[in-house]
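Q: One structure, as structure tokens, below. Some questions next.
The values are calculated or read from the model by the stated rules, or taken from the named source; none is laboratory data. Source: prediction; values computed, not measured. Glycine gets a Cβ as well: all are built from the backbone with ideal geometry, and neighbour counts include every protein chain shown. Areas reflect the complete protein model, heavy atoms only, side chains present, ligands, DNA and RNA absent. Shrake-Rupley method; radii C 1.70, N 1.55, O 1.52, S 1.80 Å.
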Amino acid sequence: MNNPLDDSKANPFEIAQQAAERIAALTGVHQHDIALTLGSGWAKAADLIGETVATVDATEIPGFSAPAVQGHVATIRSIQLPNGKHALVLGARTHFYEGHGVRRVVHGVRTAAATGVKTMVLTNGCGGIRPEWKPGTPVLISDHINLTAASPLEGAKFVDLTDLYSARLREVARSVDPTLDDGVYVQFRGPQYETPAEVQMAKVLGGDLVGMSTALEAIAVREAGMELLGISLMTNQAAGIQKTPLSHAEVLEAGRDAESRISALLAQIVSKL
Ligand code: 8IG
């Protein structure tokens, strides 16, 4: 499996540009306005936001690879919204824990930017720290803490991350559902879930959600100059908050149970972006 991003001498922005050109050629859509990365529990939103113009296998696009986790899909879809805008739906997320490096993790974000996208929506499934949040609760991300000790930025790029998760877009989301809570997302490297002690550490640091994606991608969103909306589906209470052990099967089940509801919510939000 050859991926051009694995060549350390390659320029990741050039590969994102090539990916964007291939997407334009395969979908016939030469400019996209909005992009969405759909994490666990959010996939159905793709069927609700508009008319699918084209679906392409992510492996046909330079720099993308097949997903490593069961329950993640590897397609890229171009969807026309009722308001005429074009949305690019990235179903193929590469996680940092896969060990392919941060360039592969943020390639979807950089490709979205290269297709012309100005508004990026990052969704995920994650664990919740606040005891009042029950599995199946969607939460707006207000900020993040990046505990991966990694960055998508290479070299002396001093990117400001103030208001990274756009307050304006969170208000748009709340105009659809005023009950939406927000919280600070803490990205751990994974793939193991946290220990209860690590969850308590995240809580002391100001975290509300724990996950294994999104923060690194969010940094690349800001680097690319796009506006960002981040929404988590809290699929499980974090380790030690729930008294029973965490299982991937239960996480997937919670995602499936919430999927119709949160996908409809996301589709409504997207119609207002
Ligand atoms: I879904 O509890 C999901 N992803 N780190 N912790 C971390 N990632 C997650 C969790 C969780 N649940």
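Q: Given contacts defined as C-alpha pairs under 8 Å and at least six residues apart, what's the relative contact order of the chain, whole-number percent? Walk me through the numbers on the way to the answer.
A: Values: 591 pairs, mean separation 68.4, N = 273.
Relative contact order comes out at 25 percent.
Q: Here is a further query. How many nm separate the modelled label positions at ASP6 and LEU205, each set 7 Å beyond the Cα in the direction of the Cβ?
A: 3.0
Q: Still on this structure, please answer the following. Averaged over every viewing direction, what's the projected area of the C-alpha convex hull for region 4-270? Give it in nm², one decimal, please.
A: On the way: hull surface 51.4 nm².
Directional mean of the projected Cα hull area for region 4-270 stands at 12.9 nm².
Q: Hey, can you find the accessible area per residue of region 24-178 for me, probe 1.4 Å, expressed in square angstrom? Intermediate results must be reported in sequence, preceding the final value.
A: Details: 6130 Å² over 155 residues.
Heavy-atom accessible area per residue stands at 40 Å².
Q: Over the chain, with every protein chain in place, what whole percent of the accessible area is carbon and sulfur at 1.4 Å, could you tell me? Please report the intermediate quantities before stating the final value.
A: Working: 6020 of 11500 Å².
Accessible surface attributable to carbon and sulfur in the chain totals 52 percent.
Q: With 28 Å as the limit, write out which pairs from LYS44/LYS85; LYS118/LYS203; LYS157/LYS272; LYS9/LYS85; LYS9/LYS44; LYS44/LYS134 have Cα-Cα distances beyond it, or answer none. Write out the running numbers ahead of the final one.
A: Working: LYS44/LYS85 19 Å; LYS118/LYS203 32 Å; LYS157/LYS272 33 Å; LYS9/LYS85 36 Å; LYS9/LYS44 38 Å; LYS44/LYS134 21 Å.
Pairs exceeding 28 Å: LYS118/LYS203; LYS157/LYS272; LYS9/LYS85; LYS9/LYS44.
Q: What does the accessible area of ILE49 come to, in Å² to the nearest 10, when a probe of 1.4 Å is used?
A: Per-residue accessible area (ILE49): approximately 10 Å².
Q: For the chain, what proportion of DSSP beta bridges, expressed in % and rounded to the nearest 5, is antiparallel? Don't skip to the answer; put the middle values down first.
A: Numbers: 17 of 47 bridges.
Percent antiparallel among DSSP bridges in the chain is about 35.
Q: Okay, next question. Between GLU250, GLU132, GLU51, find the one with the highest GNM mean-square fluctuation for the chain; connect C-alpha pairs within less than 10 Å.
A: Result for the chain, Cα springs under 10 Å: GLU132 fluctuates most.
Q: For SER175 paired with ALA25, estimate the spin-label separation in nm (one decimal), with each label point 7 Å from Cα along the Cα-to-Cβ line.
A: Between SER175 and ALA25, the simple spin-label model gives 4.0 nm.
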